[in-house]
1. Only residues that are within 20 Å of residue 64 (Cα to Cα) and more than 13 Å from the ligand (Cβ to nearest atom): list them for segment 144-178, please.
2. Restricting attention to segment 92-120, and to residues there that are among the acidic types (Asp, Glu) and loosely packed, with under 14 Cβ neighbours inside 10 Å, which single residue is farthest from the ligand (Cβ to nearest atom)?
3. Pull out all pairs, ordered by first then second residue, where Cβ-Cβ is under 7 Å, the residues are six or more apart or on different chains, the first lies in segment 113-134 and is farther than 15 Å from residue 31 by Cβ and free of Cβ contacts under 8 Å to residues at least 12 places away in the same chain, and the second is open to solvent by less than 40 Å² (accessible area, probe 1.4 Å) and of a type outside the set (Phe, Trp, Tyr).
4. Under 7 Å between Cβ atoms, which residue pairs at least 6 apart in sequence (or on different chains) link something in segment 3-30 that is open to solvent by 10 Å² or more (accessible area, probe 1.4 Å) with a partner that is at pLDDT below 95 and more than 16 Å from the ligand (Cβ to nearest atom)?
5. With respect to residue 65, is the statement that it is more than 22 Å from residue 37 (Cα to Cα), open to solvent by less than 60 Å² (accessible area, probe 1.4 Å) and either without any contact (Cβ under 8 Å) to a residue 60 or more places away in the chain or away from the ligand (no atom under 13 Å from the Cβ) (or both) true?
6. Can you go through 136, 123 and tell me which one is of a type outside the set (Lys, Arg) and within 15 Å of the ligand (Cβ to nearest atom)?
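The values are calculated or read from the model by the stated rules, or taken from the named source; none is laboratory data. Being a predicted model, the structure only gives us computed values, none of them experimental. With ideal geometry, Cβ positions are generated from the backbone for all residues, glycine too; neighbour counts draw on all protein chains shown. Note: accessible area is taken over every heavy atom of the protein model, side chains too, but ligands, DNA and RNA are not part of it. Shrake-Rupley method; radii C 1.70, N 1.55, O 1.52, S 1.80 Å.
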Amino acid sequence: MRLFLAIELPELSRHHFAVALDNLRRPWTNIRWVNAANLHLTLKFLGEVEDRAVAPLSDAIHQALRSPEPLQLQPDHAELLPPRGRLRVVAAGISGEVEPLRMLVDQIETACTGCGFRREHRPFRPHITLGRTRVPVPSSSRGALANDLQAYLPAPSFTVTSFSLIESHLGAGGSRYVRLADFPLAGG
Ligand code: 3AM
């Protein structure tokens with residue numbers, strides 16, 4: 001099964017981005033906008049994982065979390081990734097308690113590498129993916145796209161009290177996600 005770890009958005013944030021996505025869809029048809037139900041902030045992509053590896057991985061993550069505290073985050077800027085070259089991902093970048101979030105990701109990486117997963121070497125850039133390019137978007141459109149997205153930012157800040165292990169089923173109409181486990185941050 002194809003797995004990743006992510007923070008799922010609370011209802012208020014989801015609703016905020018659902019409105020944004022509805023309004024961005026019409027002018028930007030060359031972008032495949034995500035389904036609002038699928039909005040999340042990825043902490044670690046795990047890839048293909050065997051069923052029997054899931055329980056030990058979940059245990060290792062639970063044990064690796066040291067005094068986890070809830071985090072306050074705010075999606076506040078447009079992120080067009082990668083910053084140069086062919087645009088692939090349109091996202092809302094995250095501010096707020098990003099340093100504690102990085103520490104959390106570090107603990108997750110340690111737990112995952114202990115279970116044989118590859119450590120992510122790319123710098124962690126917290127973001128909520130809103131769309132992916134279908135066809136090349138001219139670099140001259142980047143400014144207008146960022147501007148259109150910025151109309152919905154900053155989005156409401158939200159408190160993260162848990163993150164989830166999610167199974168992703170890839171399909172022609174977009175991915176379908178199933179939550180397999182929850183890791184609370186409140187109260188250790
Ligand atoms: O939530 P975002 O969009 O940042 O791009 C995929 C998505 O990230 C990413 O994992 C998240 C859930 O699918 N992803 C997919 N394949 C990946 C890979 N091979 C990957 N991340 C790293 N390496």
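1. 160, 161, 162
2. Of everything passing the filter in segment 92-120, 99 is farthest from the ligand (Cβ to nearest atom).
3. These pairs meet every condition: 119/109.
4. 30/135; 30/137
5. yes
6. That would be 123, the only listed residue that is of a type outside the set (Lys, Arg) and within 15 Å of the ligand (Cβ to nearest atom).
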